[in-house]
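The structure appears below as structure tokens.
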Amino acid sequence: MRAIRLCITFAGLLVLWQLIVTATAAPTYILPAPLDVAIAMAERPGLLLQHAWVTFAEILLGLLFGTILGIVSALVIALFRPAKRWLLPVLVISQALPVFALAPLLVLWLGYGMPSKVAMAVLIIYFPVTAAFYDGLRRTEGGWLDLARTMGATRGAMLRHIRIPAALPAFGSGLRVGAAIAPIGAVVGEWVGSSAGLGYLMLHANARMQVDFMFAALALLASFGLALYFTVDFGLRRLTYWQREQSPFDD
Amino acid sequence: MHSPFPDKPQTAPSIVLTGGHLRFAGKEVFHNLHLTLPAAKWSCLLGPSGVGKTSLLRQLAGLRAEDGEMEGTVAAGDGAPLPERIAYMAQQDLLLPWATVLENVLIGRKLRGEPIRPQDRDKAMAILADVDVAREADALPAALSGGMRQRVALARTLFEDRPVILMDEPFSSLDAITRRRLQDLAVRLLAGRTVLLVTHDPMEALRVGDDILLLKGSPARIQAPMSPTGSAPRQEDRDGLWPLYAELLKQLGAAA
């Protein structure tokens, strides 16, 4: 049912796109029709895929490291009182600095290759994951902790059997946001300075007025973003199997 | 009837609180309070809302006050250490939603870092059979009704096999019939232990309590107006509880 609805939405967007192209009679170098984009995609699939892999790898690595860093930070902040005082401001600063402004610096420091893009993605994912997981860890139902204390629970066991599982739904919200915005980090990094990736490809296609090819790259990026989001969403549903209402996009 | 306990429960001690003290928002809720829970008996604590019943129970359980400051000494009548002999039951069933019914009953061992042995599972299953939720052993708590969830909470308490049970309105969110059944079940299964039941239902106290305690006044004091006769669980008509009920209501009303 969900898949059918998605297909209908997708088809609807394509029709709307085609209608706009027809109605405005826009030339291909301003707004290509869906079919033009498909043709552009079919003409040079090797080139697209070659660059797509780079971007996908950056996104996935960024998501992986950002999530690990976020989990560790949230645990440290939640468990050690002094750490909270010192790390919370760092967390807020990491979000107050616009990542877009940092991009040139990161490229300067980490080079034109993948590391600067992964770092961008990590920076952008880190905050939502850490903030959400920390929030979850902080709001453990007091009654559960009372019960555990009267049972003589160790601190570690309380964390493992109560606080972490109780925080998983909150962590899931953070990770979903992270998965949805991770591509931003990678692509911005590629725009600022790179020699490979879909962002790099789009920049070049744009400069050469190959707007159809640019759209092809964009379509690929969007599909990957969607696939990533739904994969993460699926995984999180399995992880928090006891929760019924999970996704913010569910009815 | 077959007993789920291979080992005899430890002998239940009496519990004595001395110098009980609770300050909340600069106000003395109770001051220099003395309370004795007789060994192997059910004591039921009644009193108006906000008089500090829950705080008193938490103090006995060794838990921090939810707000305010608490002081006082809690000791067992036999002089042996108390904390590892206490089990706590709250108004909410406190079942972990991600754990199955069986896992919830076994949670104490996990939390103490003890391994779960086959005999622990057998014991847990026997207790679940005793409270009549054995068929739901592998279900998640969300699939259970309120009454069944509270039965599982009772099973979890029984599995811990502690001689002292502190209960904070554990049946108050249940409908009347389910509540009566659980009272009967608890009386049967918790026999021989020292029990404190905090409740706001005078009839519940009269049905299950050996001693009725009233906490009232400002600062609050403990009164022990009555000890119903006959063995619990008592019946309203047969055991002549209605006059006592009226009397208790009057005393509670005077306190409000």
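The table below lists the values:
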read-out	value
Radius of gyration and maximum dimension Dmax of region B:188-256, Cα, Å	12.4, 37
Computed E for A:Arg44/A:Arg237 - FRET, C-beta separation, R0 41 angstrom, nearest 0.05	0.65
Ranked by how many other beta carbons lie within 10 Å on average, peptides A:3-14, B:51-62 from highest	B:51-62, A:3-14
Whole-Hz ³J(HN,Hα) from phi, Karplus 6.51 cos²θ - 1.76 cosθ + 1.60, for region B:139-149, glycine and proline x	7, 7, x, 4, 7, 9, 6, x, x, 5, 4
Efficiency of FRET between B:Gln223 and B:Arg112 - r from beta-carbon atoms, R0 30 angstrom, step 0.05	0.20
Residue mean of other protein chain beta carbons inside 10 Å, B:137-145	1
Spin-label pair A:Trp86/A:Thr24, simplified geometry with 7 Å Cα→Cβ offset, distance in nm	5.4
Cut-off 10 Å between beta-carbons: net charge of the residues surrounding B:Ser43, Lys and Arg +1, Asp and Glu -1	-1
A:Phe56, A:Phe224 arranged by Cβ crowding within 10 Å, fewest neighbours leading	A:Phe224, A:Phe56
Rg [Å, one decimal], Dmax [Å, integer] - chain B, C-alpha atoms	18.2, 54
Estimated [θ] at 222 nm from DSSP helical runs (n ≥ 4, -39500 (n - 2.57)) normalised by residues in chain B, nearest 500	-9500 deg cm²/dmol
Among B:Ser49, B:Ser14, B:Ser172: highest mean-square fluctuation, GNM of chain B, C-alpha pairs under 10 Å	B:Ser49
Amide H contacts under 5 Å for B:Leu214, placed H, 5+ residues apart	B:Leu46, B:Gln223, B:Ala224
Likely footprinting exposure, B:Glu204, B:Glu247, fewest C-beta neighbours within 10 Å first	B:Glu247, B:Glu204
Peptide-level mean, for B:105-112, of C-beta atoms on other protein chains within 10 Å	5
Cα-based helix-to-principal-axis angle, B:118-130 vs chain B, degrees rounded to 10	60
Within region A:160-190, backbone nitrogen closer than 17 Å to the virtual label 7 Å beyond the Cα of A:Arg138 toward Cβ	A:163-164, A:166-175
Taking B:Lys123, A:Lys84 and counting other C-beta atoms within 10 Å, the order from fewest to most	A:Lys84, B:Lys123
Listed residues A:His204, A:His161, A:His51, most fluctuating in chain A (Gaussian network, C-alpha, under 10 Å)	A:His161
Largest-first ellipsoid semi-axes for region B:1-117, taking √(5λ) over the Cα gyration tensor eigenvalues, angstrom	30, 20, 14
For region A:12-152, alpha-carbon Rg over 2.2 N^0.38 Å	1.59
Distance in nm between pseudo-label sites at A:Gln95 and B:Gln91 (7 Å out along the Cβ direction from Cα)	3.4
Other-chain or far-sequence residues with amide H under 5 Å of B:Ser14's (modelled H)	B:Ala39, B:Gly77, B:Asp78
For B:90-97, mean number of other protein chain Cβ atoms within 10 Å	5
Those aspartates and glutamates that a straight Cα-Cα span of less than 18 Å connects to A:Lys84, excepting residues fewer than 8 apart in one chain	A:Asp135
Span per principal axis, largest first, for the Cα atoms of chain A (Å)	73, 48, 29
Using alpha carbons only: equivalent-ellipsoid semi-axes of the protein assembly as shown, gyration tensor based, whole Å	62, 25, 21
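Laboratory data are not the source of any read-out in this text; all were calculated from the coordinates shown. As the structure is a computational prediction, the values presented were derived from the model and not from experiment. As a convention, Cβ positions derive from the backbone with ideal geometry for all residues, glycine included, and neighbour counts pool all protein chains shown.
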